[in-house]
Structure formats: C-alpha cells, structure tokens
Amino acid sequence: MSQRFYFDLEKGLQTIRDYKGVDARDRYEAINEATAVLEKMRKIGVLPRNEEGWLLSIKDTSRVTLIRLPVMPCVLATA
C-alpha cells in the first residue's frame, strides 16, 4: 500500500516546500522519486545547478521529517 511523501528543500533559512507530494510504497521508493524530482527542478531552473548547502527533507503525511539528505551540486562536464 502506498503512502504520500513530501520533499522540502532547505538551505539555512530558505525553504522550498513541496505541497503536492508523491505516492510511494516506502521511504526507499520516495528517495528514488526525490532524485528524479531534483533533476527536473535543476532543468527548469528552480534549483541552482552548482550551489552547495541544500538539504532534501523527506516528510510523511504528518510533515514529520523521515530523512534528510544533502543535495549534491551538479557537476558539469567540460570537453
């Protein structure tokens, strides 16, 4: 049975709240979903590509933080 998870991005006093959330079977599937969401946010310009210090907080339906993960900056390849 799936449950709803929310992904909030935090850096110091800045917070980008996830009001929509996603359905996932467990926190491990939620982490995989979060990875895809982060990449999409980078592509559309919501999350800076190379800025350090962001944390991803995965929260349950009660908005209790289950896990916090550092968001690694995107490393651009040079030719």
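Computed quantities for the displayed model
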{"read-out": "Yes/no for L56 being in contact with a Leu (Cβ under 9 Å, 6 or more places away or on another chain) and either of a type outside the set (S, T, N, Q) or open to solvent by less than 30 Å² (accessible area, probe 1.4 Å) (or both)", "value": "yes"}
{"read-out": "Cβ pairs under 9 Å, 6+ apart, first in the stretch 9-28 and over 24 Å from G53 (Cβ atoms), second open to solvent by less than 30 Å² (accessible area, probe 1.4 Å) and in a loop (DSSP other than H, G, I, E, B)", "value": "none"}
{"read-out": "Listing of strands (runs of 3 or more DSSP E) fully contained in the stretch 1-40 that carry 2 or more residues being open to solvent by 60 Å² or more (accessible area, probe 1.4 Å)", "value": "3-11, 14-16"}
{"read-out": "Residues of the stretch 36-69 satisfying the condition of being in contact with a strand residue (DSSP E or B) (Cβ under 9 Å, 6 or more places away or on another chain) and not hydrophobic (A, V, I, L, M, F, W, C)", "value": "E51, E52, G53, S57, K59, D60, T61, R63, T65, R68"}
{"read-out": "When residues of the stretch 59-79 are limited to those that are over 21 Å from M41 (Cα atoms) and at pLDDT below 60, the one least open to solvent (accessible area, probe 1.4 Å)", "value": "T78"}
{"read-out": "Selection from the stretch 48-58 of residues that are within 13 Å of F7 (Cα to Cα) and either of a type outside the set (A, V, I, L, M) or modelled with pLDDT under 75 (or both)", "value": "W54, S57"}
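The values are calculated or read from the model by the stated rules, or taken from the named source; none is laboratory data. Just so you know, these numbers come straight off a predicted model, no measurement behind them. Glycine also receives a Cβ, built like all others from the backbone with ideal geometry; neighbour counts cover every protein chain displayed. For the accessible areas, the whole protein counts, side chains as well, though only heavy atoms, and no ligand, DNA or RNA atoms are used. Shrake-Rupley method; radii C 1.70, N 1.55, O 1.52, S 1.80 Å.
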